[in-house]
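First comes the structure, then the notes that go with it.
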Amino acid sequence: MNANLYALIENRNTDHERPFLIDAAGSTISYGELFTCARRYASAFAAAGLAPGDRVAVQTDKTVESVFLHWGALAAGCVYLPLNTAYTPAEVDYFLRDAEPAMLICRPEVRQHLEPHATAAGIKHVHTLGADETGSIVDLASQQPAGFDTIERRPDDLAALLYTSGTTGRSKGAMLTHGNLSSNALSLIETWRITDADRLLHALPIYHTHGLLVGLGTVALSGASLIYLPKFDPDQVLRRLPQATMMMGVPTFYSRLLAHPAFDRDTTAHMRVFISGSAPLSSQVHKDFQDRTGHAILERYGMTETGMNTSNPYDGERRPGTVGFPLPDVDVIVADPETGRPLPNGEPGSIEVRGPNVSAGYWRAPEKTKESFRDNGFFITGDLGHIDADGYVSIAGRDKDLIISGGLNVYPAEIEMAIDAIDGVAESAVIAAPHPDFGEVGVAVVVCQGGCAVKEPDIVNQLSQHLARFKLPKAIRFVDELPRNTMGKVQKNELRERYKSTFG
Ligand code: AMP
């Protein structure tokens, strides 16, 4: 059987009349239209001389055509390489040299800036696709026949090259196979009970695993449909929610919806599930959301290199502050970071995962790949956490965010949760700053709720009632907002840089 993800999508959607995508203007695209357009793109790639295994780099706005070309690239056996639109040409240069794509598709307005980089990287084909759904690649595809025999792929053939956000050193390309993508999407469909009656409100970017592989992948493999919005805009989301049954978002989507006075039980009455991931969802937002709407947000955990690993249960308790249980086909352990030996439940350690979802490693980085896997096949996620007595997994932060203060480990997530629970605090981030005595100590960066009434001694007093002395932050800094990337992740490297001289 052909393991090409695109073949699987076609096989699972034999009713071509069914709606696949409803765009921002309200027009509907059926599965039949999706397949015709995707095949035209596949024909266009083949006509341009692209061979299976060739990379197609795409830095475009979130358009409907970019969905077609994503699956068209897979149908042609090519490897899809999406790039964040925020990357400057100088940054894109690195990805082009590293991945050596056969084709680059970019926004028309940046073509002239990217072309010299494409030439330097030896790329023969540069095409455009604009926010208005037009461009040279659209023209090329529209001239192609809609008949295309999907290229045979094995489960371990590459489907996508997704670069990590690169907060430590250079960004690395995670090599995701057809088997990775289909197994993970099918596992999520089962876990979240997605059916063809579902309609997903899709406001995430599609250059990242969350919006691309989890969002589009689960919809297409279940025959469900999408309300496809170019970006997250709370007013627009509120207007469209009544037509949706599911939403996937990063935590900031949910806190921004809560900040909207019109967001209430009525707007969400017919919704089946709200799913959150990519960054920690605060217990307070979880609670406020449930109080306001009656829905318990379902939090899950994954990463570029592995797709999704764990999820809170669909039925059963969705426990705030946890990311739930391993997916049915994924093994998750918490191990001793040095030895990889599994630790007893409750003990903090390195979160490691194994399963058909885990990528084949890093592109052209065999050393980095080797370091990231244990001999028994477990992938070292770089996240720290623990598994509680009931089997729920909790994340305590990235290992590089761990604070080692006077030789003792301080897990930032524990301190952040304690600070966030203080009245008047909106959110916080705890980072390490160099210290002459202790090596490192924690600095808490705090955002207060509307006008800052909370003072440093209030926080210190309250924390000292709950936390051991060595865990207490040695400095507290108040800010208006935390620096975040588009996936809602707090940019701790930026904060570490900002506060590195706090203690001299
Ligand atoms: P990315 O590769 O951009 O998807 O980032 C993956 C990282 O995001 C993980 O390794 C975690 O550190 C973090 N992450 C993802 N989901 C969650 C979650 N539900 N709670 C806490 N951290 C998360």
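The table for this structure:
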| read-out | value |
| --- | --- |
| Simple label model, 7 Å out from Cα along Cβ direction - residue 97 to residue 345, nm | 5.1 |
| For the chain: accessible area per residue (Å², 1.4 Å) | 40 |
| DSSP beta bridges in region 214-334 [antiparallel fraction, %, rounded to 5] | 50 |
| Note, ³J(HN,Hα) from phi for region 246-256, Karplus 6.51, -1.76, 1.60, rounded to Hz, x at Gly and Pro | 9, 9, 10, x, 8, x, 4, 4, 6, 5, 6 |
| For region 441-456 and region 115-166, distance of Cα centres in Å | 46 |
| Cα gyration tensor shape for region 115-155, rounded if a/c is under 1.5, else prolate or oblate | oblate |
| Lys/Arg +1, Asp/Glu -1 at C-beta; region 402-498 dipole; positive extreme among 430, 445, 470 | 470 |
| Prolate/oblate/rounded call for the chain, Cα gyration tensor, a/c under 1.5 rounded | prolate |
| Simple spin-label estimate for residue 124 and residue 47 in nanometres, 7 Å along Cα-Cβ | 1.6 |
| Inter-centroid distance (Cα atoms) of region 215-249 relative to region 252-280, Å | 12 |
| Of all DSSP beta bridges in the chain, antiparallel share, percent nearest 5 | 60 |
| Shape category assigned to region 148-285 from the gyration tensor of Cα positions, a/c cut at 1.5 | oblate |
| Separation of the residue 390 and residue 259 label points, Cα + 7 Å toward Cβ, nm | 3.2 |
| Amide hydrogen neighbours beyond the local backbone of residue 427, cut-off 5 Å, H modeled | 447 |
| Straight-distance crosslink candidates among aspartates and glutamates, where the alpha carbon sits under 20 Å from residue 474 and sequence neighbours closer than 8 are dropped | 401, 414, 416, 420, 427, 437, 440, 456, 458, 494, 497 |
| Student exercise, region 420-472 dipole from Lys, Arg, Asp, Glu Cβ charges, in Debye to nearest 20 | 100 |
| Partners for residue 62 among lysines (Cα-Cα distance below 21 Å; same-chain residues under 8 apart left out) | 231, 489 |
| Cysteines without a disulfide-compatible neighbour (Cβ-Cβ under 4.7 Å), the chain | 37, 78, 106 |
| With all protein chains modelled, accessible area of residue 502 [1.4 Å, Å²] | 40 |
| Euclidean distance of C-alpha centroids, region 475-504 and region 15-89, integer Å | 37 |
| Per-residue HN-Hα couplings for region 338-348 [Karplus 6.51, -1.76, 1.60; θ = phi - 60°; Hz; x = Gly/Pro] | 6, 9, x, 6, x, 9, x, 3, x, 7, x |
| P(r) of region 402-498 over all Cα-Cα pairs, binned every 10 Å from zero, in whole percent | 16, 51, 30, 3 |
| 5 angstrom amide H check on residue 225, placed H, neighbours 5+ away | 198, 199, 200 |
| Relative contact order (%) - region 46-107, alpha-carbon pairs under 8 angstrom, separation at least six | 51 |
| Exposure ranking of 448, 78 by accessible area [1.4 Å probe, largest first] | 448, 78 |
| DSSP bridge pairs, region 136-282: antiparallel proportion in percent, nearest 5 | 35 |
| Phi to ³J(HN,Hα) by Karplus 6.51 cos²θ - 1.76 cosθ + 1.60 over region 388-395, Hz, x for Gly, Pro | 7, 4, 8, x, 6, 8, 10, 9 |
| Radius ratio Rg over Rh of region 5-177, counting only Cα atoms, Kirkwood formula for Rh | 0.96 |
| Extreme residue, positive dipole direction of region 5-177, given options 129, 76, 92 (C-beta unit charges) | 92 |
| Surface share of carbon and sulfur [accessible, 1.4 angstrom probe, percent] for the chain | 50 |
| Point-charge dipole on Cβ atoms (K/R +1, D/E -1) for the chain, about Cα centre, debye to 20 | 420 |
| Dipole of the chain, positive end: most advanced residue of 192, 225, 171 [Cβ charges, Cα centre] | 171 |
| Stretchable slack from residue 85 to residue 491, in nm (0.36 nm times residue separation minus alpha-carbon distance) | 144.4 nm |
| Interchain or long-range residues, amide H under 5 Å from residue 382's placed H | 351 |
| Per-residue SASA entry for residue 440, accessible area with 1.4 Å probe, Å² rounded to 10 | 60 |
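The values are calculated or read from the model by the stated rules, or taken from the named source; none is laboratory data. As the structure is a prediction and not an experimental result, all values here were calculated from the model. Heads up, the Cβs are rebuilt from the backbone with ideal geometry, glycines too, and the neighbour counts pull from every protein chain shown. Surface accessibility is based on the protein's heavy atoms, side chains included, excluding ligands, DNA and RNA. Shrake-Rupley method; radii C 1.70, N 1.55, O 1.52, S 1.80 Å.
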